[in-house]
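Reviewing the structure listed below.
The values are calculated or read from the model by the stated rules, or taken from the named source; none is laboratory data. Everything quoted here is computed from the prediction, not taken from an experiment. Every residue, glycine among them, receives a Cβ derived from its backbone with ideal geometry; neighbour counts consider all protein chains shown. Note: areas computed on protein heavy atoms with side chains; ligands, DNA, RNA excluded. Shrake-Rupley method; radii C 1.70, N 1.55, O 1.52, S 1.80 Å.
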Amino acid sequence: MATVGSLLEASDVVLSVCPPAAAEDLAGQVSEHGFEGVFVEANAISPERTRRIATRLPRALVLDGAVVGSPPRGGKRPCLYLAGDVVAAALVEGLFTETDVRTRVLGEKLGAASALKLSYSAYQKASRVLAAIAYAAAVDHGAGEELLEIAAQRSGGYLQQIDYIPKTAARAWRWGPEMLEAADMLEASRLPGDMLRSAASALNRWDTAKDDELSVSDALELLRQHAVSERSTSPESPAP
């Protein structure tokens with residue numbers, strides 16, 4: 001059976017794609033084996049963490065990477081954005097020649113690709129969460145269909161795509177940490193990250209739905225059940 005060490009010895013390039021919370025641990029494992037090739041840090045993490053990971057791999061040539069887009073199926077083509085050493089970036093681009101994965105180099109500044117990914121995710125994923133919450137509120141007050149009618153009059157948008165709510169719930173386990181990374185990035189630039197931290201908190205309500213097949217009503221009920229659980233476990237105020 002192959003080990004991490006044997007795989008690294010046989011590899012010139014490592015592409016790190018894992019949940020954000022595991023990014024530094026994975027880089028640490030690679031560093032412990034003295035990897036000297038090209039390490040592409042392609043996780044949804046803040047630019048600061050990307051640069052910190054680069055310092056943990058002094059013998060490797062670290063590239064900042066970001067994957068944007070859906071998996072390559074049904075004609076969809078995700079893009080791998082790269083930033084860092086131009087020669088190393090060209091080497092990685094060559095690995096994806098004539099594949100369904102497009103590549104684009106953003107320059108030599110580490111953090112550019114990470115910032116691009118989180119900037120896009122901040123809008124895309126937080127909007128999905130807000131759409132789910134807004135629809136749930138309208139349904140609770142008997143105005144769900146009317147809300148969809150109003151949304152349909154606009155030029156597109158997540159609010160009318162209620163079929164995506166279960167997908168948001170199923171992906172919450174990895175979207176939540178990504179929102180926290182995006183909040184860190186905003187706050188490092190003296191921008192408010194509160195809304196994204198709130199989106200992460202909402203996503204945590206779906207933490208039991210990891211990769212599940214849910215209906216819209218199931219996903220909305222999980223949002224409500226979690227709230228009931230929070231109230232039932234919170235300490236009661238002392239009697240006057």
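Among the residues making up the stretch 139-152, those that are open to solvent by 90 Å² or more (accessible area, probe 1.4 Å) and under 18 Å from ARG224 (Cα atoms) are ASP140, HIS141. Specify the residue that is nearest to PHE39 (Cα to Cα); the eligible residues are those in the stretch 77-93 that are open to solvent by 50 Å² or more (accessible area, probe 1.4 Å) and in a loop (DSSP other than H, G, I, E, B). Selected residue: ASP85. Residues in the stretch 112-125 that are among the aliphatic types (A, V, I, L, M), under 11 Å from the mean Cα position of the chain (by Cα) and surrounded by fewer than 23 Cβ atoms within 10 Å (Cβ to Cβ): ALA122 only. Looking at ILE133, is it surrounded by 18 or more Cβ atoms within 10 Å (Cβ to Cβ), within 21 Å of the chain's Cα centre (by Cα) and over 30 Å from GLY111 (Cα atoms)? So ILE133 fails the test. The requirement of being free of Cβ contacts under 8 Å to residues at least 24 places away in the same chain, closer than 23 Å to SER11 by Cα, small (Gly, Ala, Ser) and surrounded by fewer than 19 Cβ atoms within 10 Å (Cβ to Cβ) is fulfilled nowhere in the stretch 57-76; no residue meets it. Residues in the stretch 94-111 that are open to solvent by less than 60 Å² (accessible area, probe 1.4 Å) and either part of a helix (DSSP H, G or I) or in contact with an Asp or Glu (Cβ under 8 Å, 6 or more places away or on another chain) (or both): GLY94, THR103, VAL105, LEU110, GLY111. Please indicate, with yes or no, whether at least one residue in the stretch 153-161 is among the small types (Gly, Ala, Ser) and either under 22 Å from ALA22 (Cβ atoms) or open to solvent by less than 10 Å² (accessible area, probe 1.4 Å) (or both). Among the residues of the stretch 153-161, not one is among the small types (Gly, Ala, Ser) and either under 22 Å from ALA22 (Cβ atoms) or open to solvent by less than 10 Å² (accessible area, probe 1.4 Å) (or both), which makes the answer no.
Looking across the stretch 1-56, the residues that are loosely packed, with under 13 Cβ neighbours inside 10 Å, among the hydroxyl-bearing types (Ser, Thr, Tyr) and outside any loop (DSSP other than H, G, I, E, B) come down to SER6, THR55. Among the numbered conditions (1) under 27 Å from ASN43 (Cα atoms); (2) without any contact (Cβ under 8 Å) to a residue 12 or more places away in the chain, the only one that ILE150 does not meet is (1).
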